[in-house]
Every structure is written in structure tokens, then in C-alpha cells.
Amino acid sequence: MSKIAKLFKGSSSSGSSSSSKSKHSRSRGGPSPQEAIHKLRETEEMLTKKQDYLEKRIEQELTIAKKNGTKNKRAALQALKRKKRLEQQLTQIDGTLSTIEFQREALENSHTNTEVLKNMGFAAKAMKQVHENMDIDKIDDLMQDITEQQDVAREISDAISGPFGETFDEDELLAELEELEQEELEENMKRMGGLPSVPSGKLPSARPSSHRATTKKRVEDEDDMRTLASWAT
């Protein structure tokens, strides 16, 4: 049996089994997305194998045409014709594979979206069931109680951290301290005889001549000596 016969025989046998399965699926209300995706993958695999077979046949026909190009022109032309037909089949299979691949991807995406929506609906039902046991009024009361207890806890904390004993106004203490300092300053001034009077006359020159300074110093020394002599007698 040739390779083509084997290939198409396998396809026909798989087609018969597929038809029986499809009839069974139709009896159940249509195939599931998983079944459809599986069938499309099987078809892709079958067409890919046929692509490989056609490419090998094209190479064989091209070799025959080259070999008989100068010896047997008729045989070479026949080989080229067969090569063209095989190339046409190969092009058709490429287009079919692209269509099947697009259909499979669309079906996979639809199946994924269906599963996502199904799970989201399941989660929504679970959330609804949870919320059925909740009363919004009770939740508001609970939150109000929590806020009140937080205020009580804050007041207790402030009371615990506050100073013990009597408390005084710091501004009053500072004012009293300032008065005491002023009184002490006045007492010190009284003990020192008050502030020295400011001289009204002209101050002497800051740089007297050296002769005057020497004469004044001698006079002062003589006065001091006379004073000491009077004490001694």
C-alpha cells in the first residue's frame, strides 16, 4: 500500500471514529469546548503530516525533472506538472492550517473567558451569601462603639500621663521671678551708694605733657611723706 493510501486511510478511519463521537456529542447537546479544541489539534497534526509528505514529493518530482531535462523531455514536463499540483495542494493546506489555528485560538479564548466568568459568578454568589448574614445597621453601631472606646482609651492615657500634685501657671512664676530679680538689683544699687554722678565739666586732656606729669607726681609724693610723718609723731 502506498504512503498516500495509508495517509488517507488513517484519515478516513479517524474520520469515521470522529463522526461516531460527534454523533454521540450531538446527542448530548453539542461538543464541549475541550472536545472541539482536541479535534482541531488532531486536524492540525494530520495536515502538518500531509505538508511534510507533499514537500518530500515536490523534492522527488523536481529531482526527476532535473534528471530527465536533457534525456527525456516528456518525463521532465510530467514531473514538473505533478510538482505544480503538489505545490497547489501545499498552498491550500497552509491556508487551511491558518484558518484552523485561528479557530482553535478563538475557541480557547472563548473557553477561557467562559471559565473566568463562571468563577467570577461563583465568587459573587459566595460574597452575596456572606453579606446576607451582615446587617449594615449593626455594623454602624459596632463602628460607633469602637470610636467611643478609642476616645475613652485616649482620655485614660492622657490622665495617666499627666503630672501629679499641684500645677502652677508658668507665666505667673516667670513674672514673680522677674520682680525678685528687680528688687535684688535695687538693693545692690542702694548698698553701692547709688549710681555715680556724671561729671559736668570738661575732662582733662588725655595726653598731658611729660613735665606736668612729673611735677604732679613729685608733689603727691611729698604730701604722702608729710602725712606719714604726722602719724609717726
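The values are calculated or read from the model by the stated rules, or taken from the named source; none is laboratory data. Remember, it's a predicted structure, so these values are computed and weren't measured experimentally. Cβ coordinates were reconstructed from backbone atoms using ideal geometry, including for glycine residues, and neighbour counts include every protein chain displayed. Please note that ligands, DNA and RNA were not included when accessible areas were found on the heavy atoms of the full protein model with its side chains. Shrake-Rupley method; radii C 1.70, N 1.55, O 1.52, S 1.80 Å.
In plain terms, the chain from A124 to E155 could stretch by 6.9 nm, reckoned as 0.36 nm per residue minus the Cα-Cα distance. Using a simple spin-label model with pseudo-atoms 7 Å out from Cα toward Cβ, R41 and E59 lie 2.9 nm apart. For the set S161, S110, solvent exposure ranked by accessible area (probe 1.4 Å, protein chains only) runs largest to smallest as S161, S110.
Averaged over residues, the count of other Cβ atoms within 10 Å places the peptides 52-61, 87-96 in the sequence 52-61, 87-96, highest first. With 27 Å as the limit, the listed pairs K49/K84; K50/K83; K49/K118; K39/K83; K39/K81 have K49/K118; K39/K83; K39/K81 beyond it between alpha carbons.
What the phi angles of the stretch 44-51 give under the Karplus curve with 6.51, -1.76 and 1.60, with θ = phi - 60°, is a coupling list of 4, 5, 5, 5, 5, 4, 5, 4 Hz, glycine and proline written as x.
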